[in-house]
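**Student:** Below you will find the structure I want to go over with you.
Taken together, the values in this text are just the output of simple stated rules run on the coordinates, not laboratory data. Source: prediction; values computed, not measured. Positions of Cβ are generated from backbone atoms using ideal geometry, with glycine treated the same way; all protein chains shown enter the neighbour counts.
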Ligand code: ATP
Ligand code: MG
């Protein structure tokens, strides 16, 4: 079978764990506890996706779907300055920001609308205007939209229907428009040093590649939990620096 195209993380050790980076197929999920660098990882990929293919990128742009009130633009700009791969090319400073489109959403309807209507429209507009094609969509976080009305006490059946619909449409988007999808998820609980991602089976059944940052004090590890094309023994210690998440 044909090898899936992969997007470099910008870090050789993480790329080794992922055999090149995150796949441009299906849904890739990253789960970790708060403050572990999930957002940092997502931001980093919005930069590496802009790299030429010869350097592990997709020569494309990114859409960052943000559930926080404020998009972490300071952190993104820190990455622009310190990320060694792309900040400057051929002596010229590149405007990395113009290929990162930010969408704010706060609930299930907002996310569904974004995936089904806004994203296809944005992808087409980029094409029509001769801009870099969108090759990455980050959702930070998929968990946050299911708080509130679909929280713990919400209607579980309706919630599962929404989860399936969102997952289905993300797979469709990935296939139809040739984009990588990264969904950031939060932690429900911890079992034997393994994190249990939020949203249960309804969601995990839709995830193609599940990644985690787990903690075995004093170290933290970046690992593959499941993936159709990667061994789950793949793991490396990682840290967060000014240049992002690195091994
Ligand atoms: P949450 O679930 O709360 O959203 P998260 O997993 O998204 O958390 P991040 O916000 O990506 O976590 O990571 C925050 C961590 O990154 C903090 O520990 C912070 O100290 C570290 N960090 C952020 N910017 C830098 C930087 N420029 N240099 C070093 N570390 C940084
Ligand atoms: Mg975050």
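**Student:** Compute the orientation-averaged projected area for the chain from the convex hull of its Cα atoms and round it to one decimal in nm².
**Tutor:** Averaged projected hull area, Cα only: 13.3 nm².
**Student:** Once both labels are modelled 7 Å past Cα along the beta-carbon direction, what's the residue 234-residue 175 spacing in nm?
**Tutor:** 2.3 nm
**Student:** For residue 95 and residue 147, what is the calculated FRET efficiency with R₀ set at 51 Å and r taken between the beta-carbons, to the nearest 0.05?
**Tutor:** Numbers: r = 35 Å, r/R0 = 0.69.
It comes to 0.90.
**Student:** Right, something else. Among 27, 142, which comes first, second and so on when ranked by fewest other beta-carbon atoms within 10 Å? Before the final figure, lay out each step's value.
**Tutor:** On the way: 27 24, 142 27.
Ascending number of Cβ neighbours within 10 Å: 27, 142.
**Student:** From the Cα gyration tensor of the range 110-245, with a ≥ b ≥ c the square roots of its eigenvalues, which class applies: rounded if a/c is under 1.5, or else prolate if a/b is larger than b/c, or else oblate?
**Tutor:** Oblate shape, in that a/c is at least 1.5 and b/c is the bigger or equal ratio.
**Student:** From the helices alone, meaning DSSP H stretches of at least four residues, give me the mean residue ellipticity at 222 nm for the chain, per-run term -39500 (n - 2.57), in deg cm²/dmol to the nearest 500.
**Tutor:** Value at 222 nm, helices only: -8500 deg cm²/dmol.
**Student:** Something else now. Please list, in order, the residues from the range 17-52 whose amide nitrogen is less than 16 Å from a point placed 7 Å along the Cα→Cβ vector of residue 3.
**Tutor:** Residues 17-25 qualify, since their backbone N sits under 16 Å from the label point.
**Student:** What length, rounded to one decimal in nm, is gained on full extension from residue 107 through to residue 82, with 0.36 nm per residue of separation minus their alpha-carbon distance? Each step should come with its number before you reach the end.
**Tutor:** Working: separation 25, 0.36 × 25 = 9.00 nm, distance 3.33 nm.
Working it through step by step, the gained length comes to 5.7 nm.
**Student:** Okay, moving on. Hey, how many Å between the Cα centroid of the range 1-78 and the Cα centroid of the range 116-192?
**Tutor:** Each part's Cα centre sits 15 Å from the other's.
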